[in-house]
Each structure stands twice: as structure tokens, then as C-alpha cells.
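Peer 1: The structure under discussion is supplied below as C-alpha cells; questions concerning it will follow.
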Amino acid sequence: MSANTSSSPKPKGKKVVLVYSGGLDTSICIPMMREDYGYEEVITVTVDVGQPQADIDQAAEKAAAMKTKHYTVDAKEEFARDYCFSALKANGDYQGYPMSTSIARPIIAAKAAEIAIREGAKAFAHGCTGKGNDQFRIEYTLRSMIPDCEIHAPIRERNLTRTWEIEYAQKKGVPIQQSLTKIWSIDENLWGRSIEGGRLEEPNFAPPEEIFQWTKSSEAAKSEKTTLIVSFVEGLPVAINGEKMSPAKLVMNLNAIAGENGIGRIDVMEDRMLGLKVRENYECPAATVLLKAHGALEALVLTRDELRFKKLIDLEWSRMAYEGLWFDPLKADLEAFINKTQERLTGDVRMVLHKGAVTVTGRESQWALYSEDLASFDTTTFDQRESTGWVKNFGLQSRMYQSLVAKHGKK
Ligand code: ARG
């Protein structure tokens, strides 16, 4: 049986490192790398960024059944601390999406590259299609870390379809029982869960309740309110309700609490890097709560000008994160600014979670740009009379324009 194309590129060395999730696309890469691409050894790497333990175990079992040299890398804490929380400091958002899948790709590829270096391998394979963003993100990171590596993307290179893949897997004895029953294409990590595939990409298709696993619907969410205090130190969340937690634990806890309250369902139209407009469904409970809390603390602490300018920086940071340009110097430059602003971002934000809504009900910080004395209605510290001249000259140029219009007519 031959794939729908062309000759395969020459193998680079004897070993190939496969970025392996255990799903259908990456599983069929194993026999392909051996039989069609000419590699003697396939090394599979599964990176744990907070996907279900069952997926990680299943990937390891399949790898064992297909006799690859398999690595499972637990990157949860590093992912939460250096990727999710970097996104949080930048109020990371792309078209309403907290970029959960986007920010996981660089760390997954970086871990695969580390293993390639350890194994002395110069070739990689991945299961990305030619339509999505992940091919850009993964290959960019691999080439950043090993510039002269060879990268194989069989699904894209051979224009493979799901039907062809299933048939091929059955011929080659690739275990795919779970894949056969899966209707949706799911990608999960600590920062969120993405559900794609089937009719979900149609802009006007109402997502069925069954696609959601982390969040209750607002109707099914409990009727009692949950009050939550998130504590930040220099822009990083460190505790919930006074209890200190590691970054990954904090995010996992919040995913559970916010999900119970029906928070974090996101349904957007997304412009992919190639220009395709696709409808996307996400569940990002912890990210939704933390982004709201972080924004509320910034609003208390940063100056008006810092807030306005940081929006531009955050937008550019988010574009780069969406595209996976994790090691670009501009991203580091932007982060120098972002991190400087976060130095004063220490304080607490109180929120109420209830039936799909998260509402900020209070915030405090030793760096708050707020003076009760100045803002209060009862103060004499702020001498109101001093505003008179300021108010009188406010909008001077627009008044001058109006008098010119009166003289010459409208232009
Ligand atoms: N469109 C999103 C992104 O590019 C998520 C893709 C997730 N993939 C999936 N198979 N569910 O970041």
C-alpha cells in the first residue's frame, strides 16, 4: 500500500525522534519512519503538560507495543511557571483565546530536542497536518534548538486522510482502538482544553454538551456562590484563599473550582496563521479566572499610561506566542518591559464565581495607586477649586476648531 505521494526524503542518521502524543496521526508515523523513511531506531517522546494521565499511559503502552525507545517527560511545573504564567503576565489572549495549545508547543518541541541531543539524533518527525498552526510552532522550536536538523511531517508531506491512516494502521498492526471511537480532536494541557473536528468547525453549529469535560454548563453549575482570593507576588499567582501552591498545583486546583462553577467555556472564530478562519471551542477555567484577577490587580497598581502602553505590548506578545515564536529576540524585549511592570504587582484579588460568571469584588496591594483621602467625597486634601482652570482649558483645540467651522463652514 503506498501513500498518496512522492518519494521520501533521505534519512538523516539512523535515529529519528518522534514528537508523540499517542494519537492516530503520531502512531502511524512509527512504522512509516522505519519502512518508508529508512530509520533504524524510532525514539518516541511524550511530554506531560497536564493532559490526562490515561493519555500519557496509553502513549507509553503503544510505544512499548511498537517497540520504540520511549521517553515520558514530566514538564507540568515548568510549563505552568514559565509558559502559562508568562502568558498571564502578558494578559495573553489571541482573539478571545488564552492560547493554551499555542504555548504548549514550544515546550513540547524543546523537550524533544533535548532528548535528541542526548540520543545524538539529528532527525525529527511530528504528526501535524498542513492546515494548522502546530507545524509552524513545533518546527520553529526544533530548528531554533538544532539548526541543521531534518524534520519529517508525513501527514502533511503525503497529504494523508483519516480514512487512509486508519486503513494503514490496521495493516501495520498499529493499536488504534481508542482513535476509532473518537469523534473529536482534543488537545489538553494545564492552561486549557481544545475541542475540534467534525461539525465543530462550522461557525453556526451549536456545540453539543458532550464536548465539554472540564466545565459544567451554567445551568448545571451549583447554585451556591464560591468566593476566591488569589494572591499575586510580582505578577505571579502564588496562593488561593491564603494557601500557597506550586504553579501547576494552583492551576489544577483552579481548573477544578472554576469548572465546577461553569466558568471558562470559550467559543470563537479564530484566524489561523495560514489565513483559514476556523470556529474553535475551548475550556479554560483556570486561565479565565487568573486573567481576570491579574487584569484587576494591574488596574489598581499600574499608571494609566502604563496600562495603555502595556496593552500594545501584550497584543504583540500574544501574536508571537500564538505563532510559537518563543525564542525570538523581540519576545524577550517585550518581556523585559512586561516583567518590569510586574515588579509592583503584588497583592490580592477577591472574586465571586457563580453559574458561569466570574466577578471581581475587591482588590488590594501595597502598591495601589489609590488614596482614600484623595478620592473620598469628604476630603479637603484635594482642593476642588484647583480644577477650575484645568477644566476650563480642557478641549481647547476642539473649541478652536468649532469656531473655525462657524466662520468657514464644515471641512
Ligand atoms: N487552534 C488552536 C491553536 O492553534 C488549537 C488547536 C488544538 N488542536 C486540536 N487538535 N484540538 O492554538
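Peer 1: Give me the extension gain from ALA357 to SER246: residue separation times 0.36 nm, minus the current Cα-Cα distance, reported in nm with one decimal.
Peer 2: Using 0.36 nm per residue and subtracting the Cα-Cα distance, I get 37.4 nm.
Peer 1: If you bin the C-alpha pair distances of region 252-411 every 10 Å from 0, what whole percents do you get?
Peer 2: For region 252-411, the pair-distance distribution reads 8, 21, 27, 21, 16, 6, 0.
Peer 1: Additional query: Over the chain, what percent of the accessible surface lies on carbon and sulfur atoms, probe 1.4 Å? Each step should come with its number before you reach the end.
Peer 2: Values: 11010 of 20550 Å².
C and S atoms contribute 54 percent here.
Peer 1: Once all Cα-Cα distances of region 138-287 are split into 5 Å bins that start at 0, what whole-number percent is in each one?
Peer 2: Distribution as computed: 2, 7, 12, 13, 15, 15, 14, 11, 6, 4, 2, 0 percent.
Peer 1: Gap in Å between the Cα centre of region 201-268 and the Cα centre of region 350-411?
Peer 2: Region 350-411 and region 201-268 have Cα centres separated by 34 Å.
Peer 1: Regarding region 77-144, what's the average projected area of the Cα-atom convex hull, expressed in nm²?
Peer 2: 5.4 nm²
Peer 1: Let me ask something else. Using the basic label-point model (7 angstrom from Cα toward the beta carbon), what is the MET400 to GLU343 distance in nanometres?
Peer 2: Going from the MET400 label point to the GLU343 one covers 3.9 nm.
Peer 1: In square nanometres and to one decimal, what's the mean projected area of the convex hull around the Cα atoms of region 56-96?
Peer 2: Answer in nm², one decimal: 4.4.
Peer 1: Provide the FRET efficiency to the nearest 0.05 for the ILE166-LYS277 pair, computing r from the beta carbons and using R0 = 41 Å. Intermediate results must be reported in sequence, preceding the final value.
Peer 2: Numbers: r = 28 Å, r/R0 = 0.69.
Once the sixth-power term is evaluated, E becomes 0.90.
Peer 1: Next up: Average projected area of the Cα convex hull of region 136-199, in nm²? Don't jump to the answer; show the numbers that get you there.
Peer 2: Details: hull surface 26.2 nm².
For region 136-199, averaging the hull's shadow over all directions gives 6.6 nm².
Peer 1: Kindly report the accessible area of the chain per residue (heavy atoms of protein chains, probe 1.4 Å, no ligands, DNA or RNA), in Å². Don't skip to the answer; put the middle values down first.
Peer 2: Details: 20550 Å² over 411 residues.
Value returned for the chain: 50 Å² of accessible area per residue.
Peer 1: Related question: If we sort 202-212, 180-190 on the protection proxy, mean other Cβ atoms within 10 Å, highest first, what's the order?
Peer 2: On the way: 202-212: 11.6, 180-190: 16.8.
Put in order of decreasing packing, that is 180-190, 202-212.
Peer 1: From the Cα trace of region 323-379, what convex hull volume per residue do you get, rounded to a whole Å³?
Peer 2: Numbers: hull volume 9.1 nm³, N = 57.
Measuring per residue, one finds 159 Å³ for the Cα hull of region 323-379.
Peer 1: Using the C-alpha atoms of region 35-75, what convex hull volume per residue, in cubic angstrom, is computed? Don't jump to the answer; show the numbers that get you there.
Peer 2: Details: hull volume 3.0 nm³, N = 41.
It comes to 74 Å³ per residue, whole-number rounded.
Peer 1: Right, next: What percent of all Cα-Cα pairs in region 1-114 falls into each 5 Å bin, going from 0 up to the bin containing the maximum distance?
Peer 2: Spelled out per bin, shortest first, that is 2, 11, 19, 19, 16, 13, 10, 7, 3, 0, 0.
Peer 1: So, one more: At ASN253 and ASP373, where each label point lies 7 Å from the Cα along Cα→Cβ, what is the point-to-point distance in nanometres?
Peer 2: For ASN253 paired with ASP373, the spin-label model returns 3.7 nm.
Peer 1: Over region 38-186, consider all pairs of different Cα atoms and compute the Kirkwood hydrodynamic radius from their mean reciprocal separation; express it in Å, one decimal. Each step should come with its number before you reach the end.
Peer 2: On the way: mean 1/r = 0.0593 Å⁻¹.
It is 16.9 Å.
Peer 1: What does the convex hull of the Cα atoms come to per residue for region 224-269, in Å³? Display every interim value, and only then the final one.
Peer 2: Working: hull volume 4.6 nm³, N = 46.
Per residue, the Cα convex hull of region 224-269 comes to 100 Å³.
Peer 1: Excluding residues fewer than 8 places away in the same chain, name every one of the lysines whose C-alpha is closer than 16 Å to that of LYS122.
Peer 2: Of all the lysines, those that pass the test against LYS122 - Cα under 16 Å, at least 8 places apart if same chain - are LYS10, LYS12, LYS14, LYS15, LYS69, LYS111.
Peer 1: Report the GluC sites (Glu not before Pro) located in region 31-120 that are in a DSSP loop and have at most 11 other Cβ atoms inside 10 Å of their Cβ, or state none.
Peer 2: On the way: sites: GLU35, GLU40, GLU41, GLU61, GLU77, GLU78, GLU114, GLU119; in loops: GLU40.
Passing both the DSSP loop test and the Cβ count: GLU40.
Peer 1: Another question, if that's okay. For the peptides 255-265, 342-352, 155-165, what is the packing order when you average, over each peptide's residues, the other Cβ atoms within 10 Å and list the highest mean first? Mind showing how you got there, number by number?
Peer 2: On the way: 255-265: 22.5, 342-352: 19.0, 155-165: 16.4.
My ranking of the peptides, most packed first, is 255-265, 342-352, 155-165.
Peer 1: Here's something else I'd like to know. Can you sort ASP134, ASP267 by solvent-accessible area, 1.4 Å probe, largest first? Write out the running numbers ahead of the final one.
Peer 2: On the way: ASP134 35, ASP267 80 Å².
Sorted by accessible area, descending: ASP267, ASP134.
Peer 1: What do you get for Rg/Rh over region 338-411 if you use C-alpha atoms and the Kirkwood form of Rh?
Peer 2: 1.23
Peer 1: Please report, ordered by residue number, every helix of the chain (full DSSP H runs) that is 24 Å or longer along its axis going by C-alpha atoms and whose mean Kyte-Doolittle hydropathy reaches 1.0. Present the calculation step by step, with values, prior to reporting the outcome.
Peer 2: Numbers: long enough: 100-119 (29 Å, 0.47); 285-301 (25 Å, 1.14); 304-323 (29 Å, -0.97).
Span-like helices in the chain: 285-301.
Peer 1: Find the Rg to Rh ratio for the chain, where Rh is the Kirkwood radius over alpha-carbon pairs and Rg uses the same atoms.
Peer 2: Values: Rg = 25.6 Å, Rh = 23.9 Å.
Using Cα coordinates only, the ratio equals 1.07.
The values are calculated or read from the model by the stated rules, or taken from the named source; none is laboratory data. Computed from a predicted structure; not experimentally measured. As a convention, Cβ positions derive from the backbone with ideal geometry for all residues, glycine included, and neighbour counts pool all protein chains shown. Ligands, DNA and RNA are excluded from the accessible area calculation, which covers all protein heavy atoms including side chains. Shrake-Rupley method; radii C 1.70, N 1.55, O 1.52, S 1.80 Å.
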